[in-house]
There are 2 protein chains.
Amino acid sequence: MSTLANDTFLRALRREHTDYTPVWLMRQAGRYLPEYNATRKRAGSFLALCKTPELACEVTLQPLERYPLDAAILFSDILTVPDAMGLGLYFADGEGPKFERPVRDEAAVTKLAVPDPSDELRYVTDAVRTIRGALAGRVPLIGFSGSPWTLACYMVEGGGSDDFREVKTMLYRRPDLMSRLLEVNAQAVAAYLGAQVEAGAQALMIFDSWGGALADGAYQRYSLEPMRRVVAALRREHDVPVIVFTKGGGLWLEDIAGIGCDAVGVDWTVNLGRARARIGDRCALQGNLDPMVLMAGPDAVRREAIGVLDDFGAPGPGAGHVFNLGHGISQFTPPENVAVLVETVHAYSRKLRRPDVSAPSL
Amino acid sequence: MSTLANDTFLRALRREHTDYTPVWLMRQAGRYLPEYNATRKRAGSFLALCKTPELACEVTLQPLERYPLDAAILFSDILTVPDAMGLGLYFADGEGPKFERPVRDEAAVTKLAVPDPSDELRYVTDAVRTIRGALAGRVPLIGFSGSPWTLACYMVEGGGSDDFREVKTMLYRRPDLMSRLLEVNAQAVAAYLGAQVEAGAQALMIFDSWGGALADGAYQRYSLEPMRRVVAALRREHDVPVIVFTKGGGLWLEDIAGIGCDAVGVDWTVNLGRARARIGDRCALQGNLDPMVLMAGPDAVRREAIGVLDDFGAPGPGAGHVFNLGHGISQFTPPENVAVLVETVHAYSRKLRRPDVSAPSL
């Protein structure tokens, strides 16, 4: 492992002192960047881009060339694991991801097996190794996976959904079957994330994009509990910080902070000051600017980014904040507004830490 | 005003003693009922159905013929008010509602005027009068409107949206303009709901379907504050209970309970026991079964409905619970499962009130 030139992100996750608030953006390597679109075009398709380590590396590094971001995140798809299970991932034109063989019944669940990360998912660990080499210690590299529940949503629905009818019908009608499916997913996600760490990932993030679609009670049982098992399995083998992000999970912050993760990602519906009061002694927080602020121009970006930093408040002992959006950056984002955002977060958060500047009230 | 044969719903809203927990379902007159589809076909279109008081009355009463529900809700569309403002509401085949003339700039905002409910919206108050007559005091009739912010979303986006890019860009770039738009909407909604009460509505509900898309801070300013003005305007003229429902607003229950409404609607991400502990001394609660439970068959419906009732717990002095879904009923719902739901809520909630049955723990 090379020494990091900038370990601010990792120190914030460990709730250690940092000179400023580190920032990275979910989906920072993406369609709002013309250079990303050029590489994607060269790759031929989104999946080819994900499955070619050199190209995945190229796009992972693109946002770091433009902006002084404090972390890189592996460029990959959230559905690599069910794809490796043989469900047949494809992208229909102008639509989201789909599976040729959705998991709709007991026979399909029974057939599921944990994929070997060194075999079917080798292209991901190869990408991690390539990116780590190319980063040469500039900033840490984040590995990631979808959560067991979020993967289950796609696997059972066969694609995106706005009501989660199929997966919730299975959950409510056959809780036993749903639990079996989630157990396979939990083992697969743990093995997958572990392999990313072995390949060089220096932090991990679990994207629970659809946990917030679940009812209270069902969330704890079907989304949080499998994530707890993933985190526990990782802890047994690796010493790497883990961020858990349940979109729409603001009501459950205490529950999430209780599964052994290092940081909790929050979306923009959460007030960071109140979140810090609820869990700030146990976990760092990551978030939570509304990505749509980036549409509105530099003045709005500055004002709202400062608002997020003020909501968290002056960093004190044992508190950690990683600035991020509350969701992936929109493809319609003007790239110049991202520069304003990163500059504002760095500059204003340095000011927040200066003892001669009065601390903003929580 | 005729005397009500069943005023359980109104008493629960006032947090008075009831023999059982009243139940009604958002969108209870809807596409899951074959008789609704027959009437809609006769009407020719959804808008014709909304705009013909006799047909709106017919479908409003259909679910009451099937199930012993404790309230009726006016059948209408959420976008009648912006339609009456002249934005040109239409429904494209297989898509949601759209406006021919979205409100995208200062000139469009300046042109907006509060519609006269006795003129452009006369078909709604006529429907309320017709339904009240037809109900003949069986159960109370609920009038409703979209919230000022939710109407603004449709007005600015020109239809549904999954990222609210246009309306949030206006909000962050031109907060002054957004405030002017919301002030027109607040006055329009207050006048519209007041006219529904004068026509016979016995309770009111404000559907803030998209409040949960807002960031903390923006929600309080752009969704809650206009709703507070609506409730205050209604209070000055009328004595009728008001329910406020912000989908995805579980983090803001205390704020919502503070705007002077009688009940707060909550979606299924909220635990009713914890919600009651947070606001149960100030407002009744309405909710919150996941509508997808109704897909899973009678056993799941019974189990999950009992779970919701147990979460709220044994009703005590000063607490009120109206059972509902956490969102509108799905068009794919088997109607026989709704019968199981209503029967379960009535029967189990009577048991909960019997002193010889030990109260379930919160």
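Taken together, the values in this text are just the output of simple stated rules run on the coordinates, not laboratory data. This one's a predicted model, so the numbers in the text were calculated from it and none came from an experiment. Cβ placement follows ideal geometry from the backbone for every residue including glycine, while neighbour counts extend to all protein chains displayed.
Charged neighbours of residue B:281, selected by a Cβ distance under 15 Å, balance to +3 (K, R count +1; D, E count -1).
Under a model in which nothing but the beta-carbon of Lys, Arg (+1) and Asp, Glu (-1) is charged, segment B:8-352 shows a dipole of about 300 debye around its Cα centre.
Springs join every pair of Cα atoms under 10 Å in this Gaussian network model of chain A, and among A:92, A:218, A:72 the largest mean-square fluctuation is at A:92. Simple rule: put +1 on each Lys or Arg Cβ and -1 on each Asp or Glu Cβ in chain A, find the dipole, and look at A:348, A:202, A:148; the Cα lying farthest toward the positive end is A:348. Spin-label model, residue A:281/residue B:281: points 7 Å from Cα along the beta carbon direction are separated by 2.5 nm. Say the dipole of segment A:8-352 comes from +1 at the beta carbon of Lys and Arg and -1 at that of Asp and Glu; which of A:159, A:121, A:68 then lies farthest toward its positive end? After comparing all options, I get A:68.
Charge dipole of segment A:162-292 (Cα centre as origin; +1 on each Lys and Arg Cβ, -1 on each Asp and Glu Cβ, all else neutral): 260 debye, rounded to the nearest 20. Take every DSSP beta bridge whose two residues both sit in segment A:8-352; close to 15 percent of them are antiparallel. Entry note, the protein assembly as shown: the mean residue ellipticity at 222 nm calculated from DSSP H runs of n ≥ 4, each adding -39500 (n - 2.57), is -13500 deg cm²/dmol after division by the residues and rounding to the nearest 500. Add +1 for every Lys or Arg and -1 for every Asp or Glu among the other residues with Cβ under 15 Å from the Cβ of residue A:290, and state the total. That sum, taken over residues with Cβ under 15 Å, equals +1.
Listed from fewest to most Cβ neighbours within 10 Å, the set A:179, A:76, B:118 follows the order B:118, A:179, A:76. Checking the cross-link pairs B:41/B:111; A:51/A:111; A:98/A:168; B:41/B:98; B:51/B:98; A:168/B:41 against a 28 Å limit on the alpha carbon distance flags B:41/B:111; A:168/B:41 as lying beyond it.
Beyond 37 Å, the tail of the calculated P(r) for chain B holds 14 percent of the Cα pairs. Taking the number of Cβ atoms within 10 Å of each Cβ as an exposure proxy, the fewest-first ranking of A:346, B:327, B:238 is B:238, A:346, B:327. How far is the Cα center of segment A:190-252 from the Cα center of segment A:119-166, in Å? Comparing the Cα centres of segment A:190-252 and segment A:119-166, I get a distance of 12 Å. Take the convex hull of the alpha carbons in segment A:38-122; its mean projected area over all directions comes to 7.2 nm². Each of A:32, A:67 was scored by other Cβ atoms within 10 Å of its Cβ. Arranged with the fewest first, they read A:67, A:32. Annotation: for a label point projected 7 angstrom from Cα along Cα→Cβ of residue A:65, residues of segment A:1-36 with backbone N closer than 18 Å are A:28-36. Here's the picture: charge each Lys and Arg Cβ at +1 and each Asp and Glu Cβ at -1 in the protein assembly as shown, and of A:89, B:112, B:218 the one pushed furthest to the positive end of that dipole is B:218. Highest GNM mean-square fluctuation among B:278, B:173, B:302, for chain B modelled with Cα contacts below 10 Å: B:173.
Charging the Cβ of each Asp and Glu at -1 and of each Lys and Arg at +1, and nothing else, the dipole of the protein assembly as shown about its Cα centre rounds to 640 debye. For the protein assembly as shown, the share of DSSP beta bridges that are antiparallel, to the nearest 5, is 15%.
Of all the options A:146, A:200, A:160, the one that moves most in a Gaussian network model of chain A with Cα springs shorter than 10 angstrom is A:160.
Do you know the relative contact order of chain A, to the nearest whole percent, from alpha carbon pairs under 8 angstrom that are 6+ apart?
In percent, rounded to a whole number, it is 21.
Between copies, residue A:332 shows label-point distances of 2.8 nm, shortest first, with the point placed 7 angstrom from Cα along Cα to C-beta.
Long hydrophobic helices in chain B, taken as whole DSSP H segments with a C-alpha length of 18 Å or more on their own axis and mean Kyte-Doolittle hydropathy at least -0.5: B:53-66, B:122-135, B:175-199, B:298-312, B:335-352.
Stretch residue B:111-residue B:351 to full length: gain in nm at 0.36 nm per residue minus the Cα-Cα span?
Difference between extended and current length: 80.8 nm.
With a Förster radius of 25 Å applied to the C-beta separation of residue B:236 and residue B:134, the computed FRET efficiency comes to 0.25.
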